[in-house]
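The values are calculated or read from the model by the stated rules, or taken from the named source; none is laboratory data. What you are looking at is a predicted structure, and each value in this text was computed from that prediction instead of being measured. All Cβ positions, even for glycine, are placed from backbone atoms using ideal geometry, and neighbour counts span all protein chains on display. To get the accessible areas, we keep the full protein, side chains included, count just its heavy atoms, and leave off ligands, DNA and RNA. Shrake-Rupley method; radii C 1.70, N 1.55, O 1.52, S 1.80 Å.
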Amino acid sequence: MRGGLKRAAVAASILVVAAALAVTAALGSAQSAAAKGLAPQATSCQLSNGIKHVIDIVFDNVHVNRDNPNVLSDIEQMPALKDFITGNGTLLSNSHTPLIGHTANDLTTNFTGLYGDRQGMGVANDYYAFNGSGGVTPEQSVFSYWTGGGVGDGYPQMDYSATVPASDPTRATPPAPWVPFTRAGCNVGAVSAVNLEMENTNPDISNVFGASSPEEAEYNADTDKYKDQETNDYIGLAVHCALNAAFCADAKAVKYGQTTPSNTAVPDVLPDEPGGYNGYDAVFGHKYLQPVLAGAANSGDNRDFGNGDSFPVTDPAGNLTDLNGAEIDGQYVHTPGFPGFGPISAAQTLAYVADMQESGVPVTYGYISDVHEVKSADAGPCSAASTYKGNPDVGYADGPGDNCYYQTTDSYNKAFATFLKRLADDGITPQNTLFVFGADEGDHFSGANIGRAETPSCSGTPLTTSYVCNYAAGQVGEVSASVHGLLQYEDGDTTPFANEPQGNSVYVTGDQPTPVVRQLERNFGNITVNDPFDGQTETAVKWMVDPTVENLLHFGNADRNRVPTFTVFPKPDVYFTDGTADSPACKAGTTAATAPTTCTSINNEYAWNHGYYAPEINNTWMGFVGPGVKHVGVDGSGPGQGPSSAYDANSGTELDTQTGNNGTWVDQADAQPTVMALTGLKDDYIPDGRVITEDLTSPPDKSGQPKFQDLAVCYKQLNSSVGQFGTDMLVADTAALKTGSSSNDSAYKLELEKIKWLGAARDALAAKIKDDLFAAEFDNRPIQGSGDVFGCRAVLAVAGAFAGQH
């Protein structure tokens, strides 16, 4: 059966590739939307370069590099997307995450151009905060609506800092990414895009709709406060309207306790927005957006085109469908509604995005979950009704080359082929649309792989989807380590702390004196685990940083209560238990000798680790297509040349700076200023990113100068979390933290003073450089002199020499 399905899948893939190539060719000659009477848009939307639409799609954990050298990378398995980007624009393979590299921080950095210390999401996706009594608040999610409060340690949930190091006593939220567009007359849609829409029923419903609203009354009347209909109805989707936009004026539906429809738009309140933000409205949730989005369907349940193409929009009951025509249902309550952040598939996100674009929302942000597990909405041999190695397929990790993994990438590829064809029929093409694609982090596959102590059983032709890998029981999964137990049994250390992965941020509780904290840091650096995929017992922690370097790596916070006591980055196979105690705990009878084995286990539900400092995690990708973007194809190394999860736990290299990619070096903070430059807009703040001029046909203002280019290249190595300076500080701080004893800690103190001196020099210089870059990009002011380049290179040289001593 599996062989027959495999052959069918290969045949289908060939057809999809052909369809994708046809889509790419058709995009250049697609008829205009006006000629077909489709894709209505906000006519007041004023952007530059002939751009009429902006579509920004980000993935979770979807890779441009191969995780197994013989298995095509995730992007290679989606030729409809890959060929669209490389055939019409530029795919940058030398892109990087911030630290800590996790969904909330990565995507917010992408949307705002701000690192985590300035937008408040550096410790993601959850955090602790010291409560002033020697303890910490309960673990809190960073996910809430942009102006969310009432959770964690109060308002705001996202802490904005105008400066570095992070410091802002006014406690404000960061500027919202949709504001430049709505001020330009463009409606902006968000599909599962971090904090651009409501994320949780509590407190978001009350904060957005109001404590006395029908929606809050409905929530209060529901006995289940999480797996409820309100999650389906209100979470995960939003449209932020331009001033007096018809979209918000026309948004009507029946609310809780009502019998007739009423307007569902609410004031889009941004109290901290620079320059003010009054009179704007927004519509939130599947329930309230569905009538507007479905209303654009012009043939019952489909959207038909003059060339005979037809795409599903709603089912016969009037409910929105995905690109396959399947009703979009909630994750827990299986009625029409938002399908959930974790499982949302390409067919679902892209259907929402297309619906919005066709309904007068010309700027859309969309998030798509990863391809390394089966999606509940997908049909196929791997589904909720089947089992895989004794575990449910849906939600459990699949290894590279697994048949279930191929099922997901194939469904995503087909979704993109359909999406791009539908847009082309709408007249939404690279000639008038800026497409932005990317992924949050790379992730490390913890499991059997090429060159490791355990390898999967693979057959077929390498680098084709006929190459199938079978994993035995226990060969897929992270090495779950009971960290409190390891410290207790291996080092006799029972210092109380709460910790939050990934990476592993440690909040020491009980107002411990400095010598106790320092000993805990040393002990963390020495604990060992048994890693069956490496075939050895090894040190679990690779890198460590104290608060000084946490700030230098941009995951400090304006709210000082949220800054961890220290942070450790384990080796990528290892996942530390989180919280104030271990779950699971070490096995009974554990001793110092047996702890590396009895305090670890393989958790095969999860196998894709992120948040750490590791080349295959911190290297990611982004793609640009549209007016003003060069047709470079691939800017950087190919999928087989990048860091991978094969070989050992360090993937063959130790430092992100050793990967050797020859492409333009960028990080996720650079996406947003590049979008601003291409659309002719400008932020009310200085971002941490810079415009990627190397891949633009006409760099904006004075950013085409050679002086700008030299300065921008050096700046990224100076200020990025995983650039040269950040890496050197990581190396130096790790070595320093492991030194000394309870009776003599002078070596650490001396090293810390050097780090502080270098950090202050870096912060001052980086602030000056990014101001100069922004002025050249958006204010038409040329770069003056060359001192900043020499100063940048000098700081990097000193930092490199300092790190080289360790």
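Considering the range 696-723, and only residues there that are under 27 Å from Pro627 (Cβ atoms) and of a type in the set (A, V, I, L, M, F, W, C), the residue that is most open to solvent (accessible area, probe 1.4 Å) turns out to be Val713. The lone criterion from (1) open to solvent by 10 Å² or more (accessible area, probe 1.4 Å); (2) in contact with a Leu (Cβ under 8 Å, 6 or more places away or on another chain) left unmet by Asp410 is number (2).
Name the residues in the range 225-245 that are open to solvent by less than 60 Å² (accessible area, probe 1.4 Å) and either modelled with pLDDT under 95 or not small (Gly, Ala, Ser) (or both), would you? First the steps, then the outcome.
Looking only at the range 225-245, we keep the residues that are open to solvent by less than 60 Å² (accessible area, probe 1.4 Å), and these are 228-242, 245.
Of everything in the range 225-245, those that are open to solvent by less than 60 Å² (accessible area, probe 1.4 Å) and either modelled with pLDDT under 95 or not small (Gly, Ala, Ser) (or both) turn out to be Asp228, Gln229, Glu230, Thr231, Asn232, Asp233, Tyr234, Ile235, Leu237, Val239, His240, Cys241.
When Leu752, Leu773 are screened for being open to solvent by less than 40 Å² (accessible area, probe 1.4 Å), modelled with pLDDT of 95 or more and within 14 Å of Tyr715 (Cα to Cα), only Leu773 passes. Entry remark, the range 354-379: residues being over 13 Å from Ala238 (Cβ atoms), touching a Cys at 6+ places or on another chain (Cβ under 7 Å) and either surrounded by fewer than 24 Cβ atoms within 10 Å (Cβ to Cβ) or in contact (Cβ under 8 Å) with a residue 60 or more places away in the chain (or both) number 1 in total.
Among residues of the range 155-177 that are farther than 14 Å from Thr109 by Cβ, those with a beta-carbon under 8 Å from a residue that is surrounded by fewer than 22 Cβ atoms within 10 Å (Cβ to Cβ) and of a type in the set (Lys, Arg) at least six positions away or on a different chain give the pairs Tyr155/Arg171; Pro156/Arg171; Asp159/Arg171.
Using the structure shown, decide if Asp309 is charged (D, E, K, R) and over 19 Å from Ala193 (Cβ atoms). Criteria met by Asp309. Quick check: anything in the range 695-708 outside any loop (DSSP other than H, G, I, E, B), touching a Gly at 6+ places or on another chain (Cβ under 7 Å) and within 27 Å of Ser161 (Cα to Cα)? Among the residues of the range 695-708, not one is outside any loop (DSSP other than H, G, I, E, B), touching a Gly at 6+ places or on another chain (Cβ under 7 Å) and within 27 Å of Ser161 (Cα to Cα), which makes the answer no.
Within the set Trp608, Trp621, the sole residue that is in contact (Cβ under 8 Å) with a residue 12 or more places away in the chain, open to solvent by less than 10 Å² (accessible area, probe 1.4 Å) and not β-branched (Val, Ile, Thr) turns out to be Trp621. Can you tell me how many residues in the range 134-170 are assigned to a loop (DSSP other than H, G, I, E, B) and modelled with pLDDT of 85 or more? Summing the residues that are assigned to a loop (DSSP other than H, G, I, E, B) and modelled with pLDDT of 85 or more in the range 134-170 gives 23. In the condition set (1) part of a helix (DSSP H, G or I); (2) modelled with pLDDT of 95 or more, Leu681 is compliant with all but (1). Just one of the listed residues (Glu550, Glu616) is within 21 Å of the chain's Cα centre (by Cα), at pLDDT 95 or above and open to solvent by less than 40 Å² (accessible area, probe 1.4 Å), and it is Glu550. Looking only at residues of the range 361-386 that are at pLDDT 95 or above and not in a loop (DSSP other than H, G, I, E, B), we find that the one that is nearest to Leu243 (Cα to Cα) is Val363.
Restricting Ala294, Ala184, Ala253 to residues that are surrounded by fewer than 23 Cβ atoms within 10 Å (Cβ to Cβ) and modelled with pLDDT of 95 or more narrows the list to Ala184.
Is it the case that Pro69 is in a loop (DSSP other than H, G, I, E, B) and more than 20 Å from the chain's Cα centre (by Cα)? Steps first, please.
Values: in a loop (DSSP other than H, G, I, E, B): yes; more than 20 Å from the chain's Cα centre (by Cα): yes.
For Pro69, the condition - in a loop (DSSP other than H, G, I, E, B) and more than 20 Å from the chain's Cα centre (by Cα) - is met.
Among the numbered conditions (1) in contact with a Lys or Arg (Cβ under 8 Å, 6 or more places away or on another chain); (2) without any contact (Cβ under 8 Å) to a residue 40 or more places away in the chain; (3) more than 18 Å from Ile428 (Cβ to Cβ), the only one that Tyr332 does not meet is (2).
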